[in-house]
Amino acid sequence: MSKETFHQIVADVTTQIAGRPLNDELDRWLNTVHGPGSESYERLKQACIDGVAEGWLCEREGGGIKYGRAFKPEAALAGFSVDVVDMNDIQGPHHTHPNGEIDLIMPLEGDATFDGRPAGWCVYPPGSAHYPTVAQGRALVLYLLPEGQIQFSK
């Protein structure tokens, strides 16, 4: 899996959500159209697994979490940045999403959940905040951040 191919797979989804409000309706739409079992979900999950195995995704580690920004926000990605984390039964650092956050949850081991949600998409609206938490196993989580905006709490 090349980084360029991964970029195209992500862009296939981000261009479909460009300009849409980050809300419950988008959450439902993503899970219906691009949810577990769909071709796009499976392609994204395999691309992330391959990228981690090849060392160009989740290339950093801190506090027991592997992470990395694959792409900065750009027009080809509808203004989203793309990050992927590898978490195993752990709570990450508290942060706020000024413009919202879209997460793709990809369990790898056990019945891993992300913030209590199983495999699939989770949409946080602008101004939301959380301690990102993977429980009951290991999961990869792909983060789409509008304009790359995230604010970690002190």
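The values are calculated or read from the model by the stated rules, or taken from the named source; none is laboratory data. These numbers were taken from a predicted model, which means no experiment stands behind them. Note that we place each Cβ from the backbone using ideal geometry, even for glycine, and neighbour counts take in every protein chain shown.
A few remarks follow.
- Residue within segment 119-126 that is under 15 Å from Tyr143 (Cβ atoms), of a type in the set (Ser, Thr, Tyr) and touching an Asp or Glu at 6+ places or on another chain (Cβ under 6 Å) present: yes
- Residues of segment 97-130 that are surrounded by 16 or more Cβ atoms within 10 Å (Cβ to Cβ) and over 21 Å from Ile17 (Cβ atoms): Pro107, Leu108, Ala112, Thr113.
- Pair list, Cβ under 9 Å, 6 or more apart: segment 124-137 residue without any contact (Cβ under 8 Å) to a residue 40 or more places away in the chain, other residue of a type in the set (A, V, I, L, M, F, W, C): Ser128/Leu22
- Neighbours by Cβ (under 8 Å, 6+ apart or cross-chain): first from segment 111-122, under 18 Å from Ser40 (Cβ atoms); second assigned to a strand (DSSP E or B) and not hydrophobic (A, V, I, L, M, F, W, C): Pro118/Pro107; Pro118/Asp111; Ala119/Pro107; Trp121/Asp103; Cys122/Asp103
Yes/no per residue for (1) within 20 Å of Glu147 (Cα to Cα); (2) more than 14 Å from the chain's Cα centre (by Cα):
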residue: Ala11; (1), (2): yes, no
residue: Arg20; (1), (2): yes, yes
residue: Asn23; (1), (2): yes, yes
residue: His34; (1), (2): no, no
residue: Cys48; (1), (2): no, no
residue: Asp89; (1), (2): no, yes
residue: Met106; (1), (2): no, no
residue: Glu109; (1), (2): no, yes
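- Residue check, Leu145 in contact (Cβ under 8 Å) with a residue 60 or more places away in the chain and touching a Cys at 6+ places or on another chain (Cβ under 8 Å): no
- Check on Gln136, within 21 Å of Thr15 (Cα to Cα), of a type outside the set (Val, Ile, Thr), surrounded by fewer than 21 Cβ atoms within 10 Å (Cβ to Cβ) and modelled with pLDDT of 95 or more: no
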